[in-house]
1. Taking the Cα centre of the chain as origin and charging only Cβ (+1 Lys, Arg; -1 Asp, Glu), how large is the dipole, in debye to the nearest 20?
2. Report, in deg cm²/dmol and to the nearest 500, the calculated mean residue ellipticity at 222 nm for the chain, where each DSSP H run with n ≥ 4 adds -39500 (n - 2.57) and the sum is divided by the residue count.
3. Taking a Cβ-Cβ separation under 4.7 Å as the criterion for a possible partner, which cysteines of the chain have none?
4. Pairs to check: Lys31/Lys93; Lys9/Lys97; Lys74/Lys97; Lys49/Lys93; Lys15/Lys90; Lys11/Lys90. Give those whose C-alpha atoms are more than 23 Å from each other in this structure.
5. With a Förster radius of 30 Å, plug the Cβ-Cβ distance of Lys90 and Glu29 into 1/(1 + (r/R0)^6) and report the FRET value to the nearest 0.05.
6. I need to check one value: relative contact order of the chain, counting alpha carbon pairs closer than 8 Å and at least 6 residues apart, in percent.
7. Separation between the Thr98 and Tyr66 pseudo-spin-labels, each 7 Å from Cα along Cα→Cβ, expressed in nm?
8. When ranked by the protection proxy of mean other Cβ atoms within 10 Å per residue, highest first, what sequence do the peptides 85-97, 4-16, 66-78, 47-59 form?
Amino acid sequence: MPPVVYQEKCKGCGKCEEICPGDLMELNEGKKAFCRSARDCWDCMACVKACLYGAIETRIPYQLGYYPARLIPKMGDKEIEWTSIDINGKVDKFVVKTYNK
Ligand code: SF4
Ligand code: SF4
């Protein structure tokens, strides 16, 4: 599933464009990000994690959990806090340590 960009939150910083390993994210004429080829996105979530404004979300593939299931990362200095919301709205949080400095 392609990432969803909330246009009202996007600041046009270009970080998602820089970090996408598939070169899939672009800024449109209005300096808002979009995924130019949804079928090529493999849900690595690099763009989601790179966005400091929480403007991008990845929809979980329907085989795993159809909408409104969501997985939302919040980047910290040395950890990522993930919020998982299942199809019934049940919320779980879990923290994964990273090697970021
Ligand atoms: S990283 Fe976030 S704020 Fe920056 S261009 Fe991408 S979606 Fe917009
Ligand atoms: S989830 Fe990964 S592959 Fe898909 S657009 Fe974002 S950075 Fe690119």
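The values are calculated or read from the model by the stated rules, or taken from the named source; none is laboratory data. In this text, all values refer to a predicted model and were calculated from it rather than measured experimentally. Note that each Cβ is placed from the backbone with ideal geometry, even for glycine, and that neighbours are counted across all protein chains shown. SASA here: full protein model, heavy atoms, side chains in, ligands and nucleic acids out. Shrake-Rupley method; radii C 1.70, N 1.55, O 1.52, S 1.80 Å.
1. Working: 16 positive and 14 negative charges, 49 e Å.
The calculated dipole for the chain is roughly 240 debye.
2. Details: 3 runs with 14 residues, N = 101.
For the chain, the value works out to -2500 deg cm²/dmol.
3. Isolated Cys, the chain: Cys10, Cys13, Cys20, Cys35, Cys41, Cys44, Cys51.
4. Numbers: Lys31/Lys93 32 Å; Lys9/Lys97 27 Å; Lys74/Lys97 12 Å; Lys49/Lys93 16 Å; Lys15/Lys90 31 Å; Lys11/Lys90 30 Å.
Long pairs (Cα-Cα over 23 Å): Lys31/Lys93; Lys9/Lys97; Lys15/Lys90; Lys11/Lys90.
5. Numbers: r = 40 Å, r/R0 = 1.34.
Once the sixth-power term is evaluated, E becomes 0.15.
6. Numbers: 195 pairs, mean separation 22.5, N = 101.
With pairs under 8 Å counted, the relative contact order is 22 percent.
7. 3.3 nm
8. Numbers: 85-97: 10.8, 4-16: 15.5, 66-78: 13.9, 47-59: 18.9.
Final packing ranking: 47-59, 4-16, 66-78, 85-97.
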